[in-house]
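Enquirer: The structure is given below, and queries will be raised subsequently.
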Amino acid sequence: MVTDKNTLAIEVAITWCLAWGDQLEPQIDRGTLHKMQQAMLNGESVPEAVRSYVEQARQLDQLDYPQSLDELTKLPETHPQLWQSRIGLVYGGATKIKQYVFEASKLQDIRGASALLDRINLVDLPAFFHGEDSDRFPQCQGSRDYCQQVRDRSLGTTDDSPGLAQALIPELIVYSTGGNILAFCPSAYVHQLANAIEKRYTSETLTANSCAVGESFRFLELRFGLLKDPIEQTNWLEWYQQNASEHLVEAYYGKPGPDLTVQFEQRHSFNQLVGKLSNRFSQRRSGHDWPSENRPSRRYPPMYETHPYVRRDSTDKRSAVRQVLSPSLPNSPWLSEPTARKLLVGRMAKREDQSNDWFRQAGFSWEAGSVESWVQRYDSFLRGNSRLKALYDPNDQAPQEARSLREVGNASKGFVAYIYADGNNMGSFIKTLTTAEVYQQFSDVVSEATEKSVYHALAQHLRPHRLHNIDDGETQGRDGKWIHPFEILTIGGDDVMLVVPADRALAIAKTISEEFERILLDLDDSFRLPPQGSQPQQGIHRYQSAQASASQCQLSMSVGVLITADDTPIYYAENLTNQLLKSAKKKAKALKDTLHYHGGTIDFLVMKSVTMLSSKVEEFRESGLVIDGKPKLKLYGAPYTLHEIGGLLKTAEALKAADFPRSQLYQIRSLLERGKHTAMLNYRYFRVRLAKDKQDLLEENFETAWCLPKDDQNGGNLAPWMSLKDDSGTTYETIWRELIDLYPFIDEPDQTSASTTQATQEVR
C-alpha cells in the first residue's frame, strides 16, 4: 500500500521534529533545517549538523518489533534519543457539520456553508504548514498570497504563537481530508497548533463548531504504540497472550484470532496513538477540559442570542444586522454576518458574484479568500478525460451551475433526489493501519476514489439540461440556459452528498458505489480481498443470484436515496436521506457478518408530498408496510444490494415497456394488504390479460428473476412475492410498491442506455 513518496514524507516529518527538539526554539538553526528538508526530498546529502537525526529517523522505521518484554525494555538503552525525545501529534476538524450547513433553507446558503468548510479544510489548514510549497495540496498552489495571509492572521505575531509558522512544513501533515486533519509538529507547539485550528474555524464561520486536540509522544511510540514509563510496566505480548480472552482485553484488542502476535502488533502501533487522540477529541467536543493544558474551554461554543422582538435573519436563529439593498440580491434580505458569509461564498462558488459589491456596501469587511466549487473541479476532471467529456457534453454546451433545486428538478418533472453515500468497513480496516505512512496513503487513495467515483457516475448518467418553463424570482431570465443538472453538496473522505434529477438517481447511486470499489483497486491492489475460491452468492441477492459477481474489494459504499419534490425543505430531506443511509449500512453489515458480502447496498424512498412521512422511516415501514400474521407480509423490499438495484431498474423498465394499465398497477398494489393468496390471484388475473409478448417480458424480468420459491421443484413462482426464510419462519416480501413508486421516473427504453453502457466500457 505505502509508496516511496509517502515513506519519504513521513521520514522528513519525523526527522524535522527530532532535529527541532522539545523547545519553542529549535536546537538546530532554521536555515539548516530547511536545507535538510530539501536535501531529503531531492535525495541529496544532508548537512553534517543534522545527519545523526536523519539516521535515527531511519532506524525507527527499521526496528524489529519486540517479541517479548525483555526485548522491549532494551530499546531505551539502545536508542536513548528515540526514547527521551518527543514528537507532537494533533488531530482536529469541524464538528456538528450538518447543523451548520443545513441550518439555512436555500441551496445557495447551503452551497456557501459547504464551500467555506471545504476551503478551511483543503486550503486554510494546509496553509498553516506552507501547503503551497508541496504538490500534495494543489488547492494551495494557486493561492500563495492567500496562504500567506492565513498564516499572518492565524499564526502571526498578533497570536500567542509567533514561532508556530516557522515550526511547520508540509510533510508534517498526515492527512487533511474528510473534514479532519492529522499532523505532526514539534512537541512544544502541540497545544498552540490545536488552538489555531479551532480558532480558524470560529474566525471564518463565526458559528460552526470545531475541535482539536494534541499530545506529545515518544518517538518509539510511533512504531510500537503507547508505552509506560518505566517501560517495563508496559503490558506486552506475553501479557496479551495470557489474557486475550478476558472481556475487557477483547473489547480493546478485538476477538482473539488465529495469530495473536499479528493482532497485538496491529493494535500496539501508530494506530493506538490515533485512537487515543480520537478519544480525547470526543471528550473535548463534549466539553471536557484538562487543566494542565491551559487551553480555552469548549464548554461554551459560539452562540448568538436573539431577542424575541428583534428582526431575525433568513435562518430564523440569529439577529439580523444588515439589510442588503442591492439588485444582486432579490427581495432585499436581512442578514446576520454568519448568513451573509455563507451567501457570499455560495455566490462565489457558482461563479456569479466575484465582485462582492453588495457584501461591502452592506458594511461587511470579511475577505472570502479563494473559493472553488465542486462543479469547477468536475469541469477540470472532464477536461482531463476527453472520453467522459464527450459522453457527458457531446455538443460542448458549456453549461452553467444550477442556482436552485427548482432548476435541478426541471430536468425531471419537478422532482429531485438526494443521494447520501458513506463508506463501509472503514472502521475495521483503519484498525489494521499500523504506521503514519499507511494512514497517509489510505487517506489519499480513499479521497481520490470517492471524488472520482462521483464524477464518473455523473458523466455516465447525466447530460447538460436546457431550462424550460422556469421563470420564478430566483431564476428570472434563466429560461433557455444550459445548466449542469446536479448539485454536489459535499465530498469529503468517504462521504458524498449530492442532489440529482430523480429519474437518474438510483443509476447514479449504483455507479458511485461500483466505481468506488473499482477505482480503489486500480489505485491500490492491497484493498483486494484475499482469494477464497468462488464465493457463492445464493442467499445474498434476491435477484438472479447465479448472475451476480462477488465483490473483490474490502471496502464499499452504502447509499441512501430520497426522491422528492424540488420544493421539499432541505433540512427535512437531509434528515430522511440520513436515515435511509443508516438503513443501507445496517443491511451491509448484516450481510457481511452472516454471508461475507463486502459490496455496497442502497436504500431509497419515493416521497411525493412533504406530509407523506411524519415519523422515522423505520417506524413508518414497520407500522404501515409490515403485516404480522401467518404468514408475515412485508410490503417493501428495501434495502437492496447493488446487484439487486440493477435488477430493480431493469424490471421497472420492463414494466414500463409492457405498458401495464396504470389503474391495474395501483389495484395490484392495493390488494397486497389483503394477504398472500389474494395478491397472487389478482396478479395472475391481470397478467393473463396482457398480450403474449408482454407476458413473456414480465415473466423474464419479474417473475423468474425475483419471485422463484426457495425450493423450486415444480417450476412455479410466487409473483408478486418473494420468500424470506429466517429463524422466526418465512416472511413474504414484495418489490411491487417500489416498482410503482419508480414507474413515473422510468423513461421508455431507448438507445441512450445502450450507448452509455458502451461508452462506459470504452472509458474503462
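The values are calculated or read from the model by the stated rules, or taken from the named source; none is laboratory data. Just so it is clear, the model here is predicted, and its values are computed rather than measured. All Cβ positions, glycine included, derive from the backbone under ideal geometry; neighbour counts span all protein chains shown.
Enquirer: Restricting segment 294-318 to residues that are at pLDDT 85 or above and of a type in the set (S, T, N, Q), which is farthest from Y100 (Cα to Cα)?
Expert: N294
Enquirer: Looking at segment 31-66, which of the residues that are over 15 Å from L18 (Cβ atoms) and of a type in the set (D, E, K, R) is farthest from the chain's Cα centre (by Cα)?
Expert: That would be E48.
Enquirer: Something else now. Of the residues A411, A398, A368, A390, which single one is modelled with pLDDT under 90 and more than 28 Å from R341 (Cα to Cα)?
Expert: Result: A398 is the single residue among A411, A398, A368, A390 that is modelled with pLDDT under 90 and more than 28 Å from R341 (Cα to Cα).
Enquirer: Going through segment 542-570 one residue at a time, which ones are closer than 23 Å to K106 by Cβ, touching a Lys or Arg at 6+ places or on another chain (Cβ under 9 Å) and not in a loop (DSSP other than H, G, I, E, B)?
Expert: G560, I563, T564, A565, I570
Enquirer: Could you identify the single residue in V446, V454, V438 that is buried (at least 19 other Cβ atoms within 10 Å of the Cβ), within 14 Å of the chain's Cα centre (by Cα), farther than 30 Å from I746 by Cα and of a type in the set (V, I, T)?
Expert: Result: V446 is the single residue among V446, V454, V438 that is buried (at least 19 other Cβ atoms within 10 Å of the Cβ), within 14 Å of the chain's Cα centre (by Cα), farther than 30 Å from I746 by Cα and of a type in the set (V, I, T).
Enquirer: Being out of contact with any Gly (no Cβ under 6 Å at 6 or more places or on another chain), at pLDDT below 85 and not polar (S, T, N, Q) narrows it down to one residue among L698, L690; which is it?
Expert: L690
Enquirer: Filter segment 162-220 for residues that are more than 15 Å from W16 (Cα to Cα) and of a type in the set (K, R) and give the result.
Expert: K199, R200
Enquirer: Here is a list of conditions, (1) within 25 Å of the chain's Cα centre (by Cα); (2) surrounded by fewer than 24 Cβ atoms within 10 Å (Cβ to Cβ), and W482 meets all of them except one; can you say which number that is?
Expert: (1)
Enquirer: Just need a number here: residues in segment 357-382 that are outside any loop (DSSP other than H, G, I, E, B), out of contact with any helix residue (DSSP H, G or I) (no Cβ under 6 Å at 6 or more places or on another chain) and not hydroxyl-bearing (S, T, Y).
Expert: Result for segment 357-382: 9.
Enquirer: If you go through segment 585-608, how many residues are surrounded by fewer than 18 Cβ atoms within 10 Å (Cβ to Cβ) and not in a helix (DSSP H, G or I)?
Expert: 2
Enquirer: Sticking with this structure for a sec: What is the number of the single condition among (1) in the same structural domain as Y743 (by TED's automatic domain parsing); (2) on the phi > 0 side of the Ramachandran plot that L649 does not meet?
Expert: Condition not satisfied by L649: (2).
Enquirer: Which condition number does Q108 fail, the rest of (1) in contact with a Lys or Arg (Cβ under 7 Å, 6 or more places away or on another chain); (2) outside any helix (DSSP H, G or I); (3) not hydrophobic (A, V, I, L, M, F, W, C) being met?
Expert: With (1) in contact with a Lys or Arg (Cβ under 7 Å, 6 or more places away or on another chain); (2) outside any helix (DSSP H, G or I); (3) not hydrophobic (A, V, I, L, M, F, W, C) applied to Q108, the lone miss is (2).
Enquirer: Looking at segment 703-712, is at least one residue at pLDDT 85 or above, in the same structural domain as K634 (by TED's automatic domain parsing), within 33 Å of the chain's Cα centre (by Cα) and among the β-branched types (V, I, T)?
Expert: Looking through segment 703-712, none of the residues is at pLDDT 85 or above, in the same structural domain as K634 (by TED's automatic domain parsing), within 33 Å of the chain's Cα centre (by Cα) and among the β-branched types (V, I, T).
Enquirer: Hey, can you tell me all the residues within segment 28-82 that are within 30 Å of Q263 (Cβ to Cβ) and hydroxyl-bearing (S, T, Y)?
Expert: Those that are within 30 Å of Q263 (Cβ to Cβ) and hydroxyl-bearing (S, T, Y): Y65, S68, T73, T78.
Enquirer: So A436 passes all but one of these: (1) under 18 Å from E515 (Cβ atoms); (2) touching a residue at least 60 places away in the same chain (Cβ under 8 Å). Which condition number does it fail?
Expert: So the condition that A436 fails would be (1).
Enquirer: Go through segment 609-624 residue by residue and tally those that are part of a loop (DSSP other than H, G, I, E, B), of a type outside the set (S, T, N, Q) and surrounded by fewer than 16 Cβ atoms within 10 Å (Cβ to Cβ).
Expert: Matching residues across segment 609-624 total 1.
Enquirer: Say we look at segment 89-105 and pick out the residues that are part of a helix (DSSP H, G or I) and not polar (S, T, N, Q); which of these is surrounded by the most Cβ atoms within 10 Å (Cβ to Cβ)?
Expert: V101
Enquirer: Tally the residues that are crowded, with 17+ Cβ neighbours inside 10 Å and of a type outside the set (G, A, S), restricting the search to segment 698-730.
Expert: The total comes to 12.
Enquirer: Could you count how many residues in segment 581-602 are within 15 Å of E618 (Cβ to Cβ), among the aliphatic types (A, V, I, L, M) and touching a Pro at 6+ places or on another chain (Cβ under 8 Å)?
Expert: Result for segment 581-602: 1.
Enquirer: Of all residues in segment 638-659, which are small (G, A, S) and out of contact with any Lys or Arg (no Cβ under 7 Å at 6 or more places or on another chain)?
Expert: A638, G647, A652, A654, A657
This table checks each residue for (1) under 30 Å from D524 (Cβ atoms); (2) outside the structural domain of R136 (by TED's automatic domain parsing); (3) touching a residue at least 12 places away in the same chain (Cβ under 8 Å).
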{"residue": "I14", "(1), (2), (3)": "yes, no, yes"}
{"residue": "A19", "(1), (2), (3)": "no, no, yes"}
{"residue": "L24", "(1), (2), (3)": "no, no, yes"}
{"residue": "Q27", "(1), (2), (3)": "no, no, no"}
{"residue": "Q37", "(1), (2), (3)": "yes, no, yes"}
{"residue": "S45", "(1), (2), (3)": "no, no, no"}
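Enquirer: Moving on to the next point. For K582, work out the one condition from (1) part of a helix (DSSP H, G or I); (2) assigned by TED's automatic domain parsing to the domain that holds L672 it doesn't fulfil.
Expert: Unmet condition: (2).
Enquirer: Output the residues belonging to segment 182-203 that are buried (at least 24 other Cβ atoms within 10 Å of the Cβ) and closer than 19 Å to Y100 by Cβ.
Expert: I197, Y201
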